[in-house]
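Bear in mind these aren't lab numbers, they're just calculated from the coordinates by the rules spelled out. Since the model is a prediction, treat every value here as computed from it, not as a measurement. Cβ: placed from backbone, ideal geometry, glycine included. Neighbour counts: every protein chain shown.
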Amino acid sequence: MFGLIGHLTSLQHAQSVARELGYPEYADRGLDFWCSAPPQIVDRIKVTSITGQTIEGHYVESCFLPEMLANHRIKAAIRKILNAMAHAQKHGIDITALGGFSSIIFEEFNLQDSRQVRNIHLEFERFTTGNTHTAYIICRQVEQASQQLGIELSKATVAVCGATGDIGSAVCRWLDARTDIADLLLVARNQERLQNLQAELGRGKILGLEEALPLADIVVWVASMPKGVEIEPTKLKQPCLLIDGGYPKNLSTKVQHPGIYVLNGGIVEHSLDIDWKIMQIVNMDVPNRQLFACFAESMLLEFEKWHTNFSWGRNQITVEKMDRIGQVSVKHGFKPLLM
Ligand code: NDP
């Protein structure tokens, strides 16, 4: 049995989902209510691989909302993630993906030191961040979507916004080792981490976002921003491919400008319909087939019976591990979302 721990993108989103799902009493409640709400299994899932194998899983809603971080409700945020993990383990789930901010909170606040949640001793080998598969899928999107748009990688400048993060650093490693991109721009706030990454890669220019954007043919957005940024499309190159892998999205508005192409990053399309409701709730375009690559990672680990924390700790993702998860992704019928 696999599990997915997820959350909604904002308080407003949570309120509208509560209304849609027939809980009008929750629809008008503010952040305090969500801070005290316990985790719940709200979806039961069946997935069939193109090999014919079928697996079952549960979606655990953690009731975390990104506003908890913006409004200094850190203790509540931490409680949400630990309680959701304990809930998954209590229900006997063998491997669970920590979606969206769940893994970021886990790492940021050193939750590996908080293994005891009431009477449950968390077994971390039952959890995966899903970031290896997410990074692999984003890299395949860079390679394949650029080809669709006629952007030649050997002449392209790629900016990675969130380069020092778990996913961003893995994307940089892959772009360096597996592609012939002309230039790599590294964007994040902490200069020391940027310099360490540059030293590890032996390449890459460290630039601020404003300087990097006008130079880039491709921008990979994987910054852990609780709210998206506004960008001015006239300052971008044309054509420019923007791959937004953030959850919530790093780009706050839909960019509609000739020559600027926005692709949902870190999203896979399954070859067969999945029996579930949850992707409708998060407004996926084709909810029966499309899903976050991190969620797909826990499905892949269940298909292969690799009941282990395949993606764990920060900045540990190797190109070899991306290859390994990529092979089983193809084997079971998942494809990167393209234009
Ligand atoms: P990390 O916390 O490991 O890394 C975040 C990166 O973003 C760091 O480099 C950080 O560096 C940078 N960053 C944060 N804020 C800003 C800012 N305002 N401007 C510039 N850089 C910034 O996160 P992950 O790699 O785990 O996740 C990245 C994103 O991917 C998140 O939005 C997450 O929700 C999403 N995600 C998507 C998945 C999918 O399946 N599609 C799966 C998992 C995650 P610094 O702090 O120095 O600025």
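Going out from 0 in 10 Å bins, what whole percent of all Cα-Cα distances in segment 210-339 drops into each bin?
Histogramming segment 210-339 at 10 Å steps yields 11, 36, 34, 17, 2 percent.
Please give, to one decimal in nm, the separation of the simple spin-label points placed at Leu215 and Lys305, each 7 Å out from Cα toward the Cβ.
Reported label-point gap for Leu215 and Lys305 is 5.1 nm.
So how do Ile218, Ile55 line up by other beta-carbon neighbours within 10 Å, fewest first?
By the 10 Å Cβ count, ascending: Ile55, Ile218.
Could you list, in their original order, any pairs among Lys75/Lys249; Lys249/Lys305; Lys46/Lys75; Lys205/Lys227; Lys80/Lys277 whose Cα atoms are separated by more than 28 Å?
The answer is Lys249/Lys305; Lys46/Lys75.
Are there DSSP H segments in the chain that both extend 20 Å or more along their axis (alpha-carbon positions) and score a mean Kyte-Doolittle hydropathy of at least -1.0? List them, or say none.
Within the chain the helices that satisfy the rule are 74-90, 131-149.
Compute a Gaussian network model of the chain, connecting alpha carbons closer than 10 Å, and tell me which residue from Glu56, Glu269, Glu211 fluctuates the most.
Between Glu56, Glu269, Glu211, it is Glu211 that shows the largest mean-square fluctuation.
Taking 0.36 nm per residue of sequence separation and subtracting the Cα-Cα distance, how much length would be gained by fully extending the chain between Lys155 and Asp32, in nm to one decimal?
39.2 nm
Express in nm, to one decimal, how much length is gained between Arg193 and Leu21 on full extension, taking 0.36 nm for each residue of separation and deducting their alpha carbon distance.
57.6 nm
Can you give me the Cα centroid spacing of segment 156-174 and segment 105-119 in angstrom?
27 Å
With r defined as the distance between the Cβ atoms of Ala182 and Lys335 and R0 fixed at 25 Å, what FRET efficiency is calculated, to the nearest 0.05?
FRET efficiency, Ala182 to Lys335: 0.40.
Once amide H atoms are placed 1.01 Å from N in the peptide plane, what residues at a sequence separation of 5 or more from Leu242, or on another chain, have their amide H within under 5 Å of its amide H?
Hits under the 5 Å cutoff: Val219, Tyr261, Val262, Leu263.
Pick out which of Ala223, Ala199, Ala156 has the largest mean-square fluctuation in a Gaussian network model of the chain, springs linking Cα atoms closer than 10 Å.
Comparing Ala223, Ala199, Ala156 in a Gaussian network model of the chain, the most mobile one is Ala199.
Can you return the aspartates and glutamates within cross-link range of Lys237? Criterion is Cα-Cα under 19 Å, with same-chain partners fewer than 8 residues away left out.
The qualifying aspartates and glutamates are Glu143, Glu152, Asp183, Glu210, Glu211, Asp217.
Within 10 Å of each candidate Cβ there may be at most 15 other Cβ atoms; applying that plus a DSSP loop requirement, which trypsin sites (Lys or Arg not before Pro) in segment 168-220 survive?
In loop regions of segment 168-220 (DSSP not H, G, I, E or B), the sparsely surrounded trypsin sites (Lys or Arg not before Pro) are Arg189, Arg203.
Can you find, among Tyr59, Ile267, Asn288, the residue sitting farthest towards the positive end of the charge dipole of the chain, where Lys and Arg contribute +1 and Asp and Glu -1 at Cβ?
Ranked along the dipole, the leading option is Tyr59.
Considering the dipole of segment 1-136 built from charges on the beta carbon (Lys and Arg +1, Asp and Glu -1) around the Cα centre, which of Phe101, Val47, Cys35 is farthest to its positive end?
Farthest towards the positive pole: Cys35.
So how far apart, in nm, are the two label points at Val286 and Phe124 if each is 7 Å from Cα heading toward Cβ?
Here the modelled spin labels are 3.8 nm apart.
At 0.36 nm per residue, minus the direct Cα-Cα distance, what do Thr234 and Lys90 gain on full extension? Give it in nm, one decimal, please.
46.7 nm
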